[in-house]
Structures are given as C-alpha cells and as structure tokens.
Amino acid sequence: MLGVLRIAYRAKNAHAESVIEFVPDIPRWRQVAEVVRGRIADGTYAPRTRVPSVVQLTAEFGIANATAHKVLRALREEGLTYTEPGLGSFVACRPDGNGEA
C-alpha cells in the first residue's frame, strides 16, 4: 500500500466518500487504484458487486476520465475486477475461495 497516501472519509451512504490529499510524486491513478483495492480487500466491494464507474470515480476523486479509465484497467489487469460489456466492472472472486468459482 501507499504509506504516504492520506485519506479522510465522510460517511454519507454505504460507500463513504473519500477526499484524497494526492501525493505529488505518485501518479493519481495509482493512488485512486490503491483506495479501490483497499475497499475490495476490506469487503466494502464484495465479490460479484459493481465497482464505481468512470463517471463515479471522476466525481468522487476529482480526476479526469482518462485517469479513471486507467484505474479500472489496472484493477482488471491485476485480476481484481472483470468487465461485463454494457454492464460495468465487478469485483472478481478471490483466490481463497470467497466469491464465485
């Protein structure tokens, strides 16, 4: 994890909004991906549930569309998410057997 990333949460709903103080030396897409990765790890986004869309990521984190696309692509390449055309991106099953087979 990015130890220098500072995150403050404001609870408004089940998925708390984040305000990130971005670290200048680390690409923003990596910092946002780390937040989403953490939410997957802690169960905020359970297996088979949707992860935020490009539009939701841009609104929540104040990033550009291209940056949000990069976040989702990185998570997909890591095997943490998968994309269903026309439906969005979803959390993949975990290798420990939790989630879908």
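Taking the Cβ of Leu75 as the center, what net charge do the other residues with Cβ under 13 Å away carry, scoring Lys and Arg +1 and Asp and Glu -1? Once all neighbours under 13 Å are counted, the net charge is +4. Based on alpha-carbon centroids, what's the gap between the stretch 58-88 and the stretch 37-51 in Å, whole number please? One Cα centre to the other: 13 Å. Each Lys and Arg adds +1 at its Cβ and each Asp and Glu adds -1 at its Cβ; summed about the Cα centre, the stretch 39-85 shows a dipole of about 60 debye.
Each value in this text was obtained by applying a stated rule to the coordinates, not by laboratory testing. Because the structure is a prediction, the values reported are computed rather than measured. Every residue, glycine among them, receives a Cβ derived from its backbone with ideal geometry; neighbour counts consider all protein chains shown.
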